[in-house]
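Report on one structure; see the data block that follows.
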Amino acid sequence: MANPDIPNVPDTESLDPEDWEDFRMRLHRMIDIAVDQMERSHEGRVWTPFPDEIKSLFDLSQTGQSSEQVDTTLQKLLPYGVGNTHPRFFGWVHGSGTPSNLVAEIAAATMNANTGGRNHAAIEVERLVIEWCKGLFSFPDEASGLVMSGTSMATIVAIKAARDARLDFKSRQEGLGGHKLVGYTSTEAHACIARAFDMVGLGTDALRRIPVTADHQIDIELLKKQIHNDREGGFEPFLIAGTCGSVNAGTIDDLMALSDISETEQLWFHIDGAFGALGMLSDRLRHRLAGLERADSIAFDFHKWLHVNYDAGCILIRSGDTHLKSFSDRPDYLKSAEHGLAAGGTWPVELGPELSRGFRALKVWAQIAEHGEEKLGRMISRNCEQAAYLGELVEAASDLELLLPVSMQICCFRYVPASASDVDLNSLNEDIVIQLQMSGIAAPSTTRIDGKTAIRVNITNHRTAQSDLDVLVGEVRRIGADLTQSH
């Protein structure tokens with residue numbers, strides 16, 4: 001007998017379209033709009049603030065809208081991204097994406113696969129992507145890895161594995177147990193390393209930040225001295241985190257020297273290669289990355305210099321056994337089997353914190369398969385050549401000052417008018433960057449180099465041309481002169 005308190009929902013009702021042919025046409029229309037947007041990525045403003053009148057359309061106080069209403073609202077959103085698809089987006093190390101990745105994203109969305117576990121094609125594709133990565137970095141067959149949201153999450157996996165390995169994996173149940181673990185990185189390292197120390201229970205004070213040399217590399221002698229002092233003080237050094245592409249300058253630590261120290265001191269050697277590690281694809285950079293192959297772990301992003309659409313990063317760990325011991329935990333409801341859907345060997349959930357994971361690996365696979373290693377490497381090389389070209393433009397201008405040598409794809413400089421003694425240069429250069437962003441002409445960012453505000457230009461964009469850099473320099477000088485005169 002039916003319960004009158006339970007609504008009678010027909011078995012035929014679902015969230016699928018009632019008219020599949022109509023839905024097919026709806027999707028075709030949206031794809032046309034999306035491709036038009038991508039085709040025009042060179043045009044118009046780099047960044048546009050999100051207007052209140054468009055924002056209000058996304059208020060969910062009214063739901064159950066028609067598909068036409070929803071699609072109209074979605075279309076209005078497209079011009080208001082962060083700007084990283086535009087060739088003059090220079091502010092942060094964002095990749096620019098590719099139209100071809102849209103095809104892979106549609107396929108992945110159609111499958112709607114959870115890649116945390118079980119025995120299915122999506123996990124096999126991810127394993128093949130990891131095999132490609134192991135080959136790129138000359139990692140051994142027994143190494144393992146995961147496609148993750150980005151280097152920040154990948155770093156947490158690496159630091160946890162390093163911590164657990166040092167404490168014979170007892171830390172998984174017992175915590176630190178009174179051990180005073182400390183690790184080392186440079187003052188130029190990305191903040192995600194300190195955040196990982198915080199999140200795995202070590203605390204940020206356990207990360208020793210070693211000053212850099214004039215070349216903005218970690219000071220090897222100061223590092224050795226700090227390790228010695230820590231041992232003398234009763235601390236337990238366990239990890240060195242080298243930087244392969246620093247945030248401010250794009251510099252690369254002496255990875256071979258760090259590897260030697262790690263081996264001598266019996267420390268885990270981690271490399272933050274968020275954008276720089278994929279320089280292995282570039283003939284221009286490959287020779288500078290010696291030492292990557294000796295790392296115990298490498299964290300890097302596909303969504304930066306491989307231009308995979310957001311988000312897609314990776315963690316590689318040399319010892320697959322260590323990686324597994326640090327995360328594996330199969331409760332009864334996730335027990336394995338020799339055959340069927342619960343088969344498939346090691347599941348990704350045994351190698352990281354996520355059971356619910358999307359099929360990120362497909363767009364990575366598609367990017368490599370379609371564009372190829374050589375072409376992707378050429379795009380990386382060209383960005384480095386463009387940064388060097390920008391450095392030359394800066395040095396040729398009497399009112400611009402190069403604040404750091406161009407190491408890879410980042411150029412840091414500032415505007416310095418003839419009347420510099422009467423001007424607050426830090427404030428002036430901050431204002432120049434804001435005006436560039438607000439005008440939509442270009443979107444660099446700022447940083448501090450030896451206390452000086454720098455206009456920081458990062459070039460990780462396959463759409464950027466030298467002419468875009470000519471525009472940038474011309475506009476910096478024009479806006480700088482106007483602001484100086486008005487002051």
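The values are calculated or read from the model by the stated rules, or taken from the named source; none is laboratory data. Treat the numbers as computed from the prediction; the structure is a model and nothing was measured. Virtual Cβ from ideal backbone geometry, glycine too; neighbours counted across all protein chains shown. Remember, those area values only see protein heavy atoms, side chains included, never the ligands or the DNA or RNA. Shrake-Rupley method; radii C 1.70, N 1.55, O 1.52, S 1.80 Å.
A few points about this structure:
- In terms of its alpha-carbon gyration tensor, the range 106-371 comes out oblate; a/c meets the 1.5 threshold, while b/c is at least as large as a/b.
- Cα gyration tensor category, rounded, prolate or oblate, for the range 1-160 with a/c compared to 1.5: oblate
- MET148 long-range amide H proximity, modeled H, under 5 Å: GLY313, CYS314, ILE315
- Positive end of the dipole of the chain (Cβ unit charges, origin at the Cα centre): among VAL406, VAL46, GLN69, the Cα lying farthest that way belongs to VAL406.
- The 3J(HN,Hα) values that the Karplus relation (6.51, -1.76, 1.60; θ = phi - 60°) gives for the range 286-302 are, in residue order, 3, 5, 7, 9, 4, x, 4, 5, 9, 5, 7, 7, 10, 10, 7, 10, 7 Hz. Gly and Pro appear as x.
- When the GluC sites (Glu not before Pro) in the range 293-375 are filtered for DSSP coil states and for at most 12 other beta-carbon atoms within 10 Å of their beta-carbon, the remaining sites are GLU338.
- Relative contact order (%) - the chain, alpha-carbon pairs under 8 angstrom, separation at least six: 21 percent
- Pairs exceeding a 31 Å alpha-carbon distance, out of LYS224/LYS363; LYS134/LYS325; LYS55/LYS452: LYS224/LYS363; LYS55/LYS452.
- Straight-line cross-link reach from LYS180 at under 17 Å between alpha-carbon atoms covers these aspartates and glutamates, not counting any fewer than eight positions away in the same chain: ASP164, ASP168, ASP198, ASP205, ASP230, GLU232, GLU236, GLU265.
- 5 angstrom amide H check on LEU404, placed H, neighbours 5+ away: CYS412
- Restriction of the GluC sites (Glu not before Pro) in the range 24-85 to DSSP coil positions whose beta-carbon has at most 16 other beta-carbons within 10 angstrom yields GLU43.
- Spatial separation of Cα centroids for the range 253-272 and the range 369-389, in angstrom: 28 Å
- Helix content alone sets the calculated 222 nm mean residue ellipticity of the chain: runs of n ≥ 4 DSSP H residues at -39500 (n - 2.57) each, divided across all residues, give -13000 deg cm²/dmol.
- Heavy-atom surface analysis with a 1.4 Å probe gives the chain a carbon and sulfur content of 51 percent of its accessible area.
- Rg/Rh, computed from the Cα trace of the chain with Rh as the Kirkwood radius, has the value 1.01.
- 5 angstrom amide H check on SER186, placed H, neighbours 5+ away: ILE210
- Report note on the peptides 450-460, 248-258: ranked by the mean count of other C-beta atoms within 10 Å, highest first, their order is 248-258, 450-460.
- Mean Cβ count within 10 Å, highest first, over the residues of peptides 436-442, 77-83: 436-442, 77-83
- Here the dipole of the range 373-448 is about 300 debye; that uses its Cα centre as origin and unit charges on the Cβ of Lys and Arg (positive) and Asp and Glu (negative).
- For the set TRP305, TRP47, TRP132, the ranking by accessible area, highest first and with no ligand, DNA or RNA atoms included, is TRP47, TRP132, TRP305 under a 1.4 Å probe.
- Gyration tensor (alpha-carbon) shape descriptor, the range 375-486, a/c threshold 1.5: prolate
- Here the Karplus curve 6.51 cos²θ - 1.76 cosθ + 1.60, taken at θ = phi - 60°, turns the phi angles of the range 466-483 into couplings of 4, 4, 5, 6, 4, 4, 4, 5, x, 6, 4, 5, 5, 5, x, 5, 4, 5 Hz, with x standing for Gly and Pro.
- For the chain, size of Cβ-based charge dipole, Lys and Arg +1, Asp and Glu -1, in debye: 820 debye
- Dipole magnitude (debye, nearest 20) for the range 236-376, charges at Cβ of Lys, Arg, Asp, Glu: 480 debye
- From phi via Karplus (6.51, -1.76, 1.60), per-residue ³J(HN,Hα) for the range 242-253 in Hz, x at Gly/Pro: x, 10, 10, x, 6, 5, 7, 10, x, 7, 10, 4
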